[in-house]
């Protein structure tokens, strides 16, 4: 009998997932029901494959969800994360399996017992970060444990960037994902564990307190802390680890420069500015600088931030056009919204540009009296504008998981994330066919 | 017939207000009904005056409010500001006048038309800041306008500090008011107007972007921005002013030093720390410093903040005991709560210490082709531990307003703040009897 896979949401990350499912649909006897706000948009994702069925679905018209779920064997939700609990409740009610790439929310976690009791799998955090990071980290953590080693330190850093060939602006960054999230990144600060001590980095220090790493032949990156690293102690069962840190990767110079916006208050999203649409970019910048009589905005910016006029750092800001008399368009905008308006066209991914996902884990462990360091590094370059590195690394792991589950190669139930060998081993193996291949390096420290 | 004045709340600022009312109660034929959580506590505020009646009232048992309001001619609410709308609604219902020292909330503002229609006065913002600042500023603004001058700039700065004779710690600061508010001060940043341009100062710049002023023979003070100065354009009818700034006063050095806590994230109140009650003060500080292998907490603190060991600035922190191995008591505490635990006993007002309120307005205006500067300065020193400068300056203006209104010397209705001559003139005149006397200085610039 034909198995029906329902895909809710056909946004940026859906393309590679849908392609994976459709490519195997004839062989595995699947019907792939793809939904989007309009049937046309859903249709456009199917590339004429006869096993694909387009349907219109809008999460704001939730009353159509039960019918869609009823007519499926497995549900994939790529909707914004806040909608997953609603979908999960419907799956629970109708006895359907659910697959998402999002973090397990408390609401989702609360459904674990009932899902288990009904023999349902609710697989979450099965994209790139979270997802590939879990799988690749747990593979090595399990290896170290099995070899009798004692893990002392684990750092895991990931970044979504532009591929080196297209990395041609002074910030060495382009938006390969939601621009607003990049503008607001880090506002919650970061927590981590170092030498068994808790460390807290507030937002105003986050982009200052960076460190530099090298990844394979891809050169250097700066790392800034990524939210609450401590939560991974439980997830990865690392209760006795000394150092646990998760970070985000940017090219050298980016963090130090972006920090100027943070220090000046230009990333604040908590209040709206007076008459924002009456300001020019230059006025907007000046509003965050202290008053200095008769001093140009350029000189005031340098005096305030400590930058040198004409330096590489300073030129990043000139290149953004922030000293220019261009009119701000947004009315009643927060500082962060205006900043996004200024930056977004400058950091836009060009129509021929490819993106890049970079991930590196670093483990320090003790074995037979020796202290060893193992690095595991991944770089994925996008194939084209549709099958971006982001779309591949977010969508393909989830698609593989669905396949392994529906073909019976993977068995699990309850609310699950991919940290067990029976899940991550076949997934990581197959991901290598998609260029998702970790390179390991090991040395004695 | 005897007039009944209901005083809701008998906290720190109530003493001078109650004394003022009771002192005049025989002459003016008043009964002053003072409420507190317990009748005993209310009784203790009456000092045996037969015109005082103690009653128990707890805002959490709101059902007793209608009866209290019914048995009064005027209601004074010194309850926390969030409760004023509830009290105001009851006053509206029963046709009673209301007096508070708090900012007019949107809910309060919405009652203006109905209060006016019923001939009721709801007087707000009639303490020190807001209150005395409004009255003393408007007096001069009106004078400048009447003389034909054009006001170009208005700065208004206020601080609650320890009196010079008792100013004997390295921070030159003691808590004369709610400690938690001082620890969290400034988190919303500040907005102001300078040379017709809007200026925004984020929290992470607020204690850096200070300026220094002198007040009479009381020496120097540093000023940091106080929230939204822009709102005063409307309140004071200053639509065409070039510069409008409100600030908070501290002794020189305080802001620069306190900024270290802000920069390190130690004033954050948005999350709780892991195992806060397992930490010593020293551990707590170290948790906010970057990891530096083999570096002492003292050296790390200096490296991170740029302070010099042994400097006056550094010694402020040594004096707080923050490098010591004293155990933190609070469990599940936010960084700000732990900081308060450390600082509160150190900055406590001693049993013989007197407090001080300092206020200075600076006006720049043009008149007959000349640019004039006028300063208006106020310093009030507390009388004793009960009648503190804070209690006098918060409570007496409101008490005078109640008297002026009940004796018919002041007429007004609706939701009002003291910015009109018919209110501020008699109030400022009588305040001089309580040591609340502004000294004016004027010169041509």
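The values are calculated or read from the model by the stated rules, or taken from the named source; none is laboratory data. Computed from a predicted structure; not experimentally measured. Methodologically, a virtual Cβ is constructed for each residue, glycine included, from the backbone with ideal geometry; neighbour enumeration extends over all protein chains shown.
As a summary of the residue check, residue B:293 satisfies the conditions (1) modelled with pLDDT under 95; (2) within 14 Å of chain A (Cβ to nearest Cβ); (3) in contact with a helix residue (DSSP H, G or I) (Cβ under 9 Å, 6 or more places away or on another chain) except for the one numbered (3). Tell me, yes or no, whether the stretch B:339-358 has at least one residue that is in contact with a helix residue (DSSP H, G or I) (Cβ under 7 Å, 6 or more places away or on another chain), in contact (Cβ under 8 Å) with a residue 12 or more places away in the chain, within 30 Å of residue B:243 (Cβ to Cβ) and surrounded by 13 or more Cβ atoms within 10 Å (Cβ to Cβ). Yes, the stretch B:339-358 contains a residue that is in contact with a helix residue (DSSP H, G or I) (Cβ under 7 Å, 6 or more places away or on another chain), in contact (Cβ under 8 Å) with a residue 12 or more places away in the chain, within 30 Å of residue B:243 (Cβ to Cβ) and surrounded by 13 or more Cβ atoms within 10 Å (Cβ to Cβ). What number goes with the only condition from (1) within 12 Å of another protein chain (Cβ to nearest Cβ); (2) surrounded by fewer than 21 Cβ atoms within 10 Å (Cβ to Cβ) that residue B:177 does not pass? Going through (1) within 12 Å of another protein chain (Cβ to nearest Cβ); (2) surrounded by fewer than 21 Cβ atoms within 10 Å (Cβ to Cβ) one by one, residue B:177 breaks only (1). In summary, residue B:255 fulfils each of the numbered conditions (1) closer than 27 Å to residue B:324 by Cβ; (2) out of contact with any helix residue (DSSP H, G or I) (no Cβ under 9 Å at 6 or more places or on another chain); (3) more than 11 Å from every other protein chain (Cβ to nearest Cβ) with the single exception of condition (2). The one condition from (1) within 21 Å of the chain's Cα centre (by Cα); (2) within 11 Å of chain A (Cβ to nearest Cβ); (3) under 22 Å from residue B:193 (Cα atoms) that residue B:267 does not meet is (3).
May I ask you to verify whether residue A:159 is away from chain B (no Cβ under 14 Å), over 30 Å from residue B:280 (Cβ atoms) and surrounded by 21 or more Cβ atoms within 10 Å (Cβ to Cβ)?
Details: away from chain B (no Cβ under 14 Å): yes; over 30 Å from residue B:280 (Cβ atoms): yes; surrounded by 21 or more Cβ atoms within 10 Å (Cβ to Cβ): yes.
It is true that residue A:159 is away from chain B (no Cβ under 14 Å), over 30 Å from residue B:280 (Cβ atoms) and surrounded by 21 or more Cβ atoms within 10 Å (Cβ to Cβ).
The residue that is farthest from the chain's Cα centre (by Cα), counting only those in the stretch B:400-445 that are part of a strand (DSSP E or B) and surrounded by 15 or more Cβ atoms within 10 Å (Cβ to Cβ), is B:414.
Could you check, for the stretch B:161-169, whether at least one of its residues is under 13 Å from residue B:346 (Cβ atoms) and in contact with a helix residue (DSSP H, G or I) (Cβ under 8 Å, 6 or more places away or on another chain)?
Applying the first criterion (under 13 Å from residue B:346 (Cβ atoms)) to the stretch B:161-169 yields B:162, B:168-169.
Narrowing the set further to residues that are in contact with a helix residue (DSSP H, G or I) (Cβ under 8 Å, 6 or more places away or on another chain) leaves B:169.
Checking the stretch B:161-169: at least one residue is under 13 Å from residue B:346 (Cβ atoms) and in contact with a helix residue (DSSP H, G or I) (Cβ under 8 Å, 6 or more places away or on another chain).
Across the stretch B:85-115, the number of residues qualifying as under 18 Å from the mean Cα position of the chain (by Cα) and free of Cβ contacts under 8 Å to residues at least 40 places away in the same chain comes to 3. Looking across the stretch B:192-226, the residues that are buried (at least 17 other Cβ atoms within 10 Å of the Cβ), over 16 Å from residue B:153 (Cβ atoms) and within 14 Å of chain A (Cβ to nearest Cβ) come down to B:200, B:201, B:202, B:203, B:204, B:205, B:206, B:207, B:209, B:210, B:224.
Being within 10 Å of another protein chain (Cβ to nearest Cβ) and either surrounded by 17 or more Cβ atoms within 10 Å (Cβ to Cβ) or modelled with pLDDT of 95 or more (or both): is that true of residue B:183 here? Taking the combined requirement at face value, the residue does not satisfy it.
The set of residues from the stretch A:44-69 being surrounded by 14 or more Cβ atoms within 10 Å (Cβ to Cβ) and in contact (Cβ under 8 Å) with a residue 24 or more places away in the chain comprises A:45, A:46, A:49, A:51, A:52, A:57, A:59, A:65, A:68, A:69. For the stretch B:410-421, a residue qualifies if it is modelled with pLDDT of 95 or more and out of contact with any strand residue (DSSP E or B) (no Cβ under 6 Å at 6 or more places or on another chain), and the qualifying residues are B:414, B:417, B:418, B:419, B:420, B:421.
Take residue B:74 and tell me if it is more than 23 Å from the chain's Cα centre (by Cα), under 22 Å from residue B:12 (Cβ atoms) and touching a residue at least 24 places away in the same chain (Cβ under 8 Å).
Yes; evaluated as a whole, the condition is true for this residue.
In the set (1) more than 30 Å from residue A:383 (Cβ to Cβ); (2) surrounded by 19 or more Cβ atoms within 10 Å (Cβ to Cβ), the condition left unmet by residue A:298 is number (2).
Checking the stated criteria, residue B:250 turns out to be touching a strand residue (DSSP E or B) at 6+ places or on another chain (Cβ under 9 Å) and more than 12 Å from chain A (Cβ to nearest Cβ).
Any residue at all in the stretch A:235-243 that is modelled with pLDDT under 95 and within 14 Å of chain B (Cβ to nearest Cβ)? Yes.
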